[in-house]
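Before any comments, here is the structure.
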Amino acid sequence: MAHDIFISYSTKDQKIVEGLSAYLEQNGIRCWVAYRDIPIGKDWADFIPKAIEECKIMVYVHSATSNISAEINKEIALCLKNGHPIIPFKIENVDYLGSKAYHLVTINWIDAFPNPEKCFGKLLSSIQNISSEPNQVSKTQLENKKDRNKTKKWSGYILGGIIVLIFAVLAFVQYSNSEKVKSDLKTYSELATQAEEDYRKGEEYFVIALDNYEKAIHYETLYADSKHADKFDLNVENKKNALAKEIDSLFDIYKTTAVDAFNYWQKNEKIVSEKQIAKQYVEKALKLKEDPMLSEIRRKLSN
């Protein structure tokens, strides 16, 4: 079925996406969502690129878990490659990380937290407005061509004004740079400290801790080649890598336990205790990472 929008999301946010897609389709916006439009047992990679290519707009549902999803990074890159607009729909108040910070920082978004459902209407209006916009590229090019001679006439004056402005900006930057370093150093230290506190709270906070380590590393990278580099050195990179390995290890254990219990439950007269074990470890694993297999097992266990 042809679709208007592609919804990019983390499987942990599927319940919100189910409500969102239902609302949009009730209002005439055709949606493509992985949980419904990819047949069971099929490879996601065989369907997602074509779905993105054929969409008109991408809606990216932003949360702490989607923020660290490498698969969603690929979806955003494909959307931009195809020249489609992206509407970030933030259901949690977290800053963009990695390539999302690079690609999405200049795109206006919708703050939908703490009640995403109340913002479905605002998203619908945004989609309708973008869909109704005419092609502005050729119009802008024509206007630029008409104004070229007029603009050229004033180029000398504009250039002089720009030079004056540049010197003014440089003077201001030099004056304020020390205050910025102090502010960034304070934020960096707070992020590193908060990450360690989250780590000590236990595995339910590991993903949050990893997120704070990533944010702290941003400041280390920012000042890596500056004279302030020694101030931004709390060994955050090593701590982040160690935590990532611990998450990987726990995830592997939980996934193996969940899959084994699920298979045993299916083959042995639906033993209730095994079903409960499978449910428990599916949830524990998905709190750490996204996984299509475990998402499918969760669906089957809930039936």
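When we screen Glu274, Glu220, Glu269, Glu283 for residues that are more than 27 Å from Ala101 (Cβ to Cβ), among the acidic types (Asp, Glu) and modelled with pLDDT under 80, the only hit is Glu269. Being over 22 Å from Trp109 (Cα atoms), among the aliphatic types (A, V, I, L, M), exposed (fewer than 15 other Cβ atoms within 10 Å of the Cβ) and touching a residue at least 12 places away in the same chain (Cβ under 8 Å) is true for just one of Ala2, Ala51. Which residue is that? Going through Ala2, Ala51 in turn, the sole match is Ala2. Among the residues of the stretch 26-45 satisfying the criterion of being surrounded by 14 or more Cβ atoms within 10 Å (Cβ to Cβ) and not in a loop (DSSP other than H, G, I, E, B), which is nearest to the chain's Cα centre (by Cα)? Checking each candidate, the answer is Ala34. Here Asp248 fulfils each of the conditions (1) in the same structural domain as Lys287 (by TED's automatic domain parsing); (2) more than 25 Å from the chain's Cα centre (by Cα) apart from (2). Just a yes or no: is a residue in the stretch 46-60 of a type outside the set (A, V, I, L, M), farther than 22 Å from Ala2 by Cβ and part of a helix (DSSP H, G or I)? Among the residues of the stretch 46-60, not one is of a type outside the set (A, V, I, L, M), farther than 22 Å from Ala2 by Cβ and part of a helix (DSSP H, G or I), which makes the answer no. Considering each residue of the stretch 59-71 in turn, at least one proves to be assigned by TED's automatic domain parsing to the domain that holds Cys119, surrounded by fewer than 18 Cβ atoms within 10 Å (Cβ to Cβ) and farther than 24 Å from Glu117 by Cβ. Take the conditions (1) more than 13 Å from the chain's Cα centre (by Cα); (2) surrounded by fewer than 15 Cβ atoms within 10 Å (Cβ to Cβ); Ile16 misses just one of them, which is (2). Elements of the type helices (runs of 4 or more DSSP H) sitting completely within the stretch 81-171 and holding at least 2 residues that are polar (S, T, N, Q), exposed (fewer than 10 other Cβ atoms within 10 Å of the Cβ) and modelled with pLDDT under 75: these cover 136-153.
The values are calculated or read from the model by the stated rules, or taken from the named source; none is laboratory data. Since this is a predicted model, take the numbers as computed values, not measurements. Positions of Cβ are backbone-derived with ideal geometry, glycine not excepted, and every protein chain shown enters the neighbour counts.
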